[in-house]
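Please read the structure below before turning to the comments.
The values are calculated or read from the model by the stated rules, or taken from the named source; none is laboratory data. None of the values given here were measured: they were computed from a predicted structure. As a convention, Cβ positions derive from the backbone with ideal geometry for all residues, glycine included, and neighbour counts pool all protein chains shown. Ligands, DNA and RNA are stripped out before the accessible areas are found, and what is left, the full protein with its side chains, is counted by its heavy atoms. Shrake-Rupley method; radii C 1.70, N 1.55, O 1.52, S 1.80 Å.
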Amino acid sequence: MATKIPAEKFRKCQCETHHATSILYQILNKEDGRETKWHQQYGSAHHSKGSKGCSCMDRRVVLKTPEATCRRASEVHLKTLTFIRNLPSFYHMPWDDQLVLIQQNWTPLFVLGMAQERVDFDLREISAPSLLKKILLNQPLTATNELGSSLEASLAEVQKIKNLLWKFWDLDISAKEYAYLKGITLFNSGCHVLKWLPYVQTLQQEAQQALMEFISTMFHRNLRRFAWILQLIASLQDIDADAIEELFFRPILGEGTLNVLLLETLHIKPDWL
């Protein structure tokens, strides 16, 4: 079972430790590519309303070991595709309903796969040179990829992913529970544009019922666990799909998009492909 991260590590904003100097001095002398440890620099979650203007929310991070992490992410990707392919109830639906379900729910499905495979990853913060610094130092104005293999993502978005992974690991969810959770997530009846909405609602309800019965049997009718897990599933919808794509798949996709790759792999062929 994963060790819980002490709450103290998510309180103090790291921006408070920066000392003020002249603006020009900071522009010309700020170290680029400064590395820090996750527990020192990435624990400043901003829950209060007054934190909206904090510069921590604009901080960018990259994978510390992009090759290994992207390889594991690709394995999760393939296992998730295999799970979907093995569901006749999914391919029984019209292709445009399949399209909607994949587009709306792929990101939470992928994070579920990351949790099941226990894919943890280390990060390092990068500091992007300001426009003024680039002008003063005669640097190219176009964005460049510091690592050459992994693009950056928002620290705030990556915190959401890591926090959710820790919560899943703390619950020590079994493979059977993950299977039911993936069914609940894929057949998300919140997509009201579905042609077969009642059918999808029935599939989701069946998956929820199966999960509740499994937890009731294996955990001595501990329905609090059922409620906790459903709450985590709802939180998955808040994960930013662009952050997932940029952090874990951009080195693989190049100029392509994960959405098109998914649809082609699952043999879903909308008119615009």
Of these, Arg225, Arg221, Arg250, which one is at pLDDT 90 or above and either out of contact with any Asp or Glu (no Cβ under 9 Å at 6 or more places or on another chain) or surrounded by 12 or more Cβ atoms within 10 Å (Cβ to Cβ) (or both)?
Arg225
Hey, among the residues in the range 34-76 that are at pLDDT 50 or above, open to solvent by 80 Å² or more (accessible area, probe 1.4 Å) and part of a helix (DSSP H, G or I), which one's nearest to Ala243 (Cα to Cα)?
Asp58
Across the range 173-183, what is the total count of residues that are more than 19 Å from the chain's Cα centre (by Cα) and either at positive phi or among the small types (Gly, Ala, Ser) (or both)?
2
In the range 155-172, which residue that is of a type in the set (Lys, Arg) and farther than 16 Å from Arg225 by Cα is modelled with the lowest pLDDT?
Lys160
Kindly indicate the residue of the range 169-214 that is of a type in the set (Ser, Thr, Tyr) and without any contact (Cβ under 8 Å) to a residue 24 or more places away in the chain and also surrounded by the most Cβ atoms within 10 Å (Cβ to Cβ) among those meeting that condition.
Ser189
Among the residues of the range 77-121, which ones are closer than 16 Å to Leu164 by Cβ, of a type in the set (A, V, I, L, M) and surrounded by fewer than 21 Cβ atoms within 10 Å (Cβ to Cβ)?
Val119
